[in-house]
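All remarks here apply to the structure that follows.
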Amino acid sequence: MYVDPAKTTARKPVTVPGLHAMKAEGRRITVLTAYDYSLAAQLELAGIDVALVGDSLGMVVQGHKSTLPVTLDHMVYHTQAVARGLSATLLVADLPFMADRDLPHVLQAGARLVGEAGAAMVKIEGAAPHILDAISALVARAIPVCAHLGLTPQSVHKFGGFRIQGREQETADRIFAEAQAVQAAGADLLVLEGVPTALGERVTKALDIPVIGIGAGPHCDGQVLVIHDMLGITPGKRPKFSKDFLAGRDSVAAAIAAYAADVRSGAFPAPEHCFN
Ligand code: KIV
C-alpha cells in the first residue's frame, strides 16, 4: 500500500545547518541506511534524522563480497526509491567506487544523485588530494558533502580486508589530519568508521562539523548502522560494532525506535560495540 510520507510526519525537515546545530547543542544525530521505499518510510516514521543510501547495498542487497561492484545507476535507482519514503528525514547518497576518478565524473555523479534521485548530500570516501578537490568542487556547486574516513570499505583491497584503522599512532595521526583536511575542503558531515574509541573522541572534539560514528566509539556526535545489521537479518556473523535491535522486540518499527532512543541517550554504542 502506498503511503505519502509527508502525511506520516509532523517533524520539521532535517537540514544541513540543522545537523550543525545539533552538534552545537549536544543532541546526538541518528542515522540508518535504507535502500528501498518501505524501510525508508519506517525511518521517517521513527524520526530518524538521516537516511543513508550506502553502497553497502552491494553487500546486503545484491549479495557481493564488497561494495566495489555498485554502479552509479544502482545508486540512483535505490536513492530514488528511498526518496519516495522520506519527508523530514535528510537523504544522503554514496558516491560509488570510481565515481571519483576525475572531476567531471564526480560532478556528474553528484548532479545525478541530487538532481535526478533526490539526495540532499553525497558521501565520498577518503582524503587523497583528488578527493579534497572533489569535495571543494561539489560544495562550490551547492552539493553538500559527507566525508568518510577510517575503515573506508572501497579501500578493502588496500587494507587487506575490513580491518580497524588507526590503532597505531602514525595511522591515528594521519586519520586525524585527514579529518581536518576534509572539513577545510568544505565537507558538512563526516562518517568515521572502524577506529578506536580514543581516535573517535579526538576527531569529534577537534571538528566543527558533526562526526557520525560506526565502530568509532560513543563520543561521536551521532551513530550510523547498516539497517540489515541492526535488524539481525544480515547473513553470517553480526559485526562487533553493531547490535540486533529487533531481538526481543515484535516489529521493525519498535527496533528502529529503540535504536533512535539508545543513540540519543548514549546507551548505544556500549563498550562491547567499541574498539581499543
Ligand atoms: O555504505 C554504507 O552503508 C556506509 C555506512 C556503513 C557508513 O558507508
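The values are calculated or read from the model by the stated rules, or taken from the named source; none is laboratory data. The structure presented is a predicted model; accordingly, all values stated were derived computationally and were not measured. Neighbour counts run over all protein chains shown; Cβ positions are idealised from the backbone, glycine included. These area figures cover heavy atoms from the full protein model, side chains too; ligands, DNA and RNA do not enter into them. Shrake-Rupley method; radii C 1.70, N 1.55, O 1.52, S 1.80 Å.
Here is how the numbers come out for the structure above:
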| quantity | calculated |
| --- | --- |
| Residue check, residue 17 open to solvent by 60 Å² or more (accessible area, probe 1.4 Å) and touching a Leu at 6+ places or on another chain (Cβ under 8 Å) | no |
| Total residues in region 116-138, condition surrounded by fewer than 23 Cβ atoms within 10 Å (Cβ to Cβ), of a type outside the set (Asp, Glu) and farther than 17 Å from residue 191 by Cα | 6 |
| Residue 131, sole failed condition from (1) within 19 Å of residue 68 (Cβ to Cβ); (2) more than 15 Å from the ligand (Cβ to nearest atom); (3) hydrophobic (A, V, I, L, M, F, W, C) | (2) |
| Count of residues meeting criterion [open to solvent by 40 Å² or more (accessible area, probe 1.4 Å) and either touching a residue at least 40 places away in the same chain (Cβ under 8 Å) or in contact with a helix residue (DSSP H, G or I) (Cβ under 8 Å, 6 or more places away or on another chain) (or both)] in region 199-213 | 3 |
| Selected residue (criterion: nearest to residue 276 (Cα to Cα)) from residues of region 232-260 that are outside any loop (DSSP other than H, G, I, E, B) and open to solvent by 10 Å² or more (accessible area, probe 1.4 Å) | 258 |
